[in-house]
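Below is one structure, written out as structure tokens; comments come after it.
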Amino acid sequence: MKYFNLSSSIYKTRPKQDGSNESFVNVFPFASYSDSFKPNTFQWTVLNVNSNFKNSTFYKSYVNTKFIGPSNIKNPLLKIRRLQEGEVVFVQLHLEASDGQDTLSKACNITAYRGDPVNSPFNIFYPKNGKLNMETVYDAAIEMQMLTANFDSKKVFPAISETVQGSKETIGEHLAYLEGLDLEKDLSPLANSKSQKKQLNGQEVKFEKVNFAFVKDELAFYAHGRSLDNDSIDTLNFQNPRNFIYTKSEVKPEKIHVIKAYETKRKSQHPGFNSFINPMLNPYLTKGKARVFFPGRSGHVANTANQGCSNNNTTTGGCQGYPASSNNNTCASNTTFSQGFCSEQSC
Amino acid sequence: MGKPRVPNIKLGKGSKIKIGHSILQNQNKTWSETGDGFTYTDLVDRPDYYLGKFAKAFNVSYNTYEARKDKGLHIINPKEVKNPNETKPKVDISKWRERTRLKGELTGSILNPSYYDNFIDNEYKLAYFDPHAQQERISRPVKYYHTCEEIQYIIENDLVSGVSGYDVSSAGNIQFPQWGPYLIEARSTGEYSGIYIKPGTQTDPEFISGSIEGYNGDINDYSSHILRHYKTGSGLIQSDITFFEPRKDVFVNAGITVGIFDFNVGTYINRAQPVQFVSGWNGLRENDFFHRITGSFYDSPNCIMIPNKAYKVHVTHDINVDFDTSLDPEDTDKIIHATGARPHFNYQKAQTANIYPGNKIPQHFYAGPNDYTSEKYFQYGAPSGFFGHKYDSFKSIRIKNNPELKAFRIPIANENCAFKTLKSIEVTDCANLDYFWIHPNLTPVLQKLDFSGCNINFDNYHKYHEDQYENLKFVKLNQENPKINPSGALSIEGITQDVPDYARYSFYNGFETDTEKDRLQPKGCVYGPISNFKCKHLNFAGNNLNQTGVFALVANCVARQLEDGYLNVSDQTTRSGPQNAVFNGERADAYGGVKIGKHDQVLQDINNLVLTGITILRNKGWTVIYDGHGAEVDLGIGHKYKYGK
């Protein structure tokens, strides 16, 4: 059977001699071909570029990509440029390969980051008493998003339908849900914490664990902050990470969190400077349900070589770079709600 | 038209009708063909009747016997069964055995494990042309399984370092740090040709090889090169599984699962690809329920294929029945007709058995006399220490006559090198090795421990015991649940010892991976070097043990309650005074006449205590070799010695 595989990869920009970090990184995409498929023509294309700074409240992304040399060779070199400190860029790379008889294609995620990845907040809007309210929230831990990209998930490149607020839980709904939680229930041990029981119409029923997708304090993502040093982990002897999320009565520390944190520390030490620290995520945030894309942000497909702009050059940021092939290639920088927040109708 | 399965009909909440055993039986109505109608009530009253009729009419088979006698019992681990109706887990070994009996037995192995030596033994050398010295530098041998950090270590120590040097990282995938590809980047901008593989140094390029290619950089850019490995050859992998299948009514699939690592992309393209060896009804061959099947397959191009587990799957038959209308619990008078039935297969993984757990290729490590050098084994801590490895895995470790070796220590960070695979450690005639420690959780399958001819003294043990010698006693470790405090255990939580510098290990990204103190044992485990239940061969002859050091070993063996073992504590370096590890029945006051026991109730000292332990072991069939005599001395307690308090 003819097939090929593309590897999703993580790259970190190089440290410079003065201690700062470079703003670019060279990327080598990896492909593997089945024995029966020996392609002789290749075409690499950047499909999407996303960034944790894209449409964020405090940041703006200027990242772009460019192939060094031709993009129609077996092993091309892609340069990702203009990364800012703390920025994490997700590049969706596409390969179309042909052996003269069959043409196959596949896409992968390339993650590039500079310095310490940051969690970038964004604004979300919801109606309240006939007025439009705004909250500044975080979606998911950036480390979680990087892992998601590395596991080849396409969710770091959301479809437009997923990025409009109408299809998502609003912060108002979310906060109301939090208030309705039964905090007296013992959720330990961790292995059983995926579901909770709740009184509903006089009956105890099981329901899925709460999806804490939006948080207002980024530290709620982590059990002990973002550090993996022993002092940080030892704080778990005195606090319970659940208290970062719940707002009612505090719960006591649990030793299992310390054990889990040390395990995380031990296992997340991968070799190589491309590796990043993967701290222990808050066990009371549902990992599987975290919104690993960037909600409320523009899901616009970025420019590619055949769709305007310069050759092999892709730019992110706000609503720029909407493909020329779309029905409407213009987009107001400030749309219905505010900066960096595009609704489907407006674009 | 609804097509629910029978008899697994979902009735919805609040229904009082039960399925499986009728409450109100209507025995008068019969069914024989499609034209015969029935009601919902008929169906749920006599599901077995209708199921049999449907099966016969539509010629579809199904399993009548379901091994669910212990349904409702949730097995937490092999020794603990929890009844969900109870608040606390309940240990119920009989239920576990029943489940085991129903599932049978399964083992798996590789018949030609030497095939994987091709991946372990082959190597190549890197080179660098020094423009200043105008000469080529050549590295030590590089293994194809080295991590990026180890390759960087080689480059820095053998080829080039400092600002002119290179950084090496896993190129891309952070999950799989071995086998490549690797990214080699210059530390400063400019045009560099970089590192290259020295031609002619690849030991078996027909089977496995490597190449470096990339971008040479410019005045504003760093040179970046990719080091790739290729498995250029091919091989036949032969595997063998044996299983006992007690159930007669199930269709059985059995085989192995294979992890497939693709060198090109540096990741597993499949972590558990099933390769089926046998499929059929049980009992059809050999007229019994034992089966042994050998299967073989060729590996994929440019991939390592590692059999990680043997598996056995039970396939049971069920029936999907088609009705001409939906089944409605609210409309129990509606006439329903069965129009057809189709087979439905349930696949249940009955058992798995490890072959190469974690997709690691465990190796038999051997370093001969004066062969354990930094040149060859720096990644394990050579020459002064052996610390295992975070990613390499061992079946056995043999280091012989290497006087530079001072410490053998496997910290928890290197758990993958030993856990589930390491069965034998033989570090012999290493005269300066005085620090030995393995994290207690890492040796569940260790069977042999031979440190004869070293310099181990277990200082930590007798220091501790000298402080609390009145508490010296034998304990009995609970084999079925080691986490439970053993009977008679001392309060020993948190006892640690300082780790000397030469016994500390630091690798991988400069993170603090090692600890400054080693726990002597976790809470509830017996004191001593080993806490597993398989190690019955301990040879510490010719070391530097004193009496409490020997006691630690004897007590350790006693507590684990194993039979027919071997313990050698003879020929210890002579020490002065009562610490001399020679035991006989004539000395009763090894501690200068101090009687042990808070109320002088029992006159025992370390000497007599060790002899008692030896008696206990011999009564269990152990061979114990020690210096002295008097193991048969009658202390009034002898083999009837009671453990602990």
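Selection of the stretch B:245-271 for residues being touching a strand residue (DSSP E or B) at 6+ places or on another chain (Cβ under 7 Å) and surrounded by fewer than 19 Cβ atoms within 10 Å (Cβ to Cβ) yields B:PHE251, B:ILE260, B:ILE269, B:ASN270, B:ARG271.
Could you grab me the full set of residues in the stretch B:30-88 that are of a type outside the set (Lys, Arg), surrounded by fewer than 15 Cβ atoms within 10 Å (Cβ to Cβ), assigned to a loop (DSSP other than H, G, I, E, B) and modelled with pLDDT under 70? Hits for the stretch B:30-88 are B:THR64, B:TYR65, B:GLU66, B:GLY72, B:PRO78, B:PRO84, B:ASN85, B:GLU86, B:THR87. Checking the stated criteria, B:LYS420 turns out not to satisfy the condition of being surrounded by 24 or more Cβ atoms within 10 Å (Cβ to Cβ) and of a type in the set (Lys, Arg).
Do the conditions hold for A:THR111, that is, is it among the β-branched types (Val, Ile, Thr) and over 20 Å from the mean Cα position of the chain (by Cα)? No: the conditions fail for A:THR111. Every condition in (1) crowded, with 22+ Cβ neighbours inside 10 Å; (2) within 14 Å of another protein chain (Cβ to nearest Cβ) holds for A:PHE67 except the one numbered (1). In the set A:ILE110, A:ILE73, A:ILE80, only one residue is surrounded by fewer than 18 Cβ atoms within 10 Å (Cβ to Cβ), within 14 Å of chain B (Cβ to nearest Cβ) and aliphatic (A, V, I, L, M); that residue is A:ILE73.
Flag not set for A:LYS66, criterion: in contact (Cβ under 8 Å) with a residue 40 or more places away in the chain, of a type in the set (D, E, K, R) and either part of a loop (DSSP other than H, G, I, E, B) or closer than 19 Å to A:PRO117 by Cβ (or both).
Residues in the stretch B:393-433 that are within 14 Å of another protein chain (Cβ to nearest Cβ), aliphatic (A, V, I, L, M) and outside any helix (DSSP H, G or I): 1 in all. Kindly provide the set of residues from the stretch B:361-393 that are free of Cβ contacts under 8 Å to residues at least 60 places away in the same chain, over 23 Å from B:PHE176 (Cβ atoms) and touching a helix residue (DSSP H, G or I) at 6+ places or on another chain (Cβ under 7 Å), ordered by number. Selection gives B:ALA367, B:ALA382, B:PRO383, B:PHE386.
Scanning the stretch B:312-349 for residues that are farther than 19 Å from B:TYR50 by Cα and of a type in the set (A, V, I, L, M) yields B:VAL313, B:VAL315.
Look at (1) closer than 28 Å to A:MET144 by Cβ; (2) away from chain B (no Cβ under 11 Å); (3) in contact (Cβ under 8 Å) with a residue 40 or more places away in the chain and you find that A:GLU87 fails only one, number (3).
Is the stretch B:291-311 home to any residue that is in contact (Cβ under 8 Å) with a residue 60 or more places away in the chain, more than 14 Å from chain A (Cβ to nearest Cβ) and of a type in the set (Lys, Arg)? Yes - at least one qualifying residue is present in the stretch B:291-311.
Taking first residues from the stretch A:251-269 that are within 12 Å of A:ASN230 (Cβ to Cβ) and partners that are small (Gly, Ala, Ser), the Cβ contacts under 7 Å between residues at least 6 apart in sequence or on separate chains come to A:ALA261/A:ALA223; A:ARG266/B:ALA413. Picking from residues in the stretch B:195-221 that are at pLDDT 90 or above and in contact with a Ser or Thr (Cβ under 6 Å, 6 or more places away or on another chain), the one that is farthest from B:VAL265 (Cα to Cα) is B:GLN202.
Of all residues in the stretch B:126-153, those that are of a type in the set (A, V, I, L, M) and within 13 Å of another protein chain (Cβ to nearest Cβ) total 1.
Restricted to strands (runs of 3 or more DSSP E) entirely inside the stretch B:156-270, those with at least 1 residues that are over 18 Å from A:LEU77 (Cβ atoms) and more than 14 Å from every other protein chain (Cβ to nearest Cβ) are B:209-215, B:236-244, B:251-262.
Residues that are at pLDDT below 85, farther than 27 Å from B:SER32 by Cβ and not acidic (Asp, Glu) within the stretch B:301-344 comprise B:PRO301, B:HIS314, B:VAL315, listed in sequence order.
Within the stretch B:155-178, the only residue that satisfies the criterion of being surrounded by fewer than 23 Cβ atoms within 10 Å (Cβ to Cβ) and among the aromatic types (Phe, Trp, Tyr) is B:PHE176.
The residues of the stretch B:137-161 that are over 29 Å from B:SER393 (Cα atoms) and in contact (Cβ under 8 Å) with a residue 24 or more places away in the chain amount to a single one, B:VAL160.
The values are calculated or read from the model by the stated rules, or taken from the named source; none is laboratory data. Small disclaimer: the values here were computed from a predicted structure and weren't measured. Methodologically, a virtual Cβ is constructed for each residue, glycine included, from the backbone with ideal geometry; neighbour enumeration extends over all protein chains shown.
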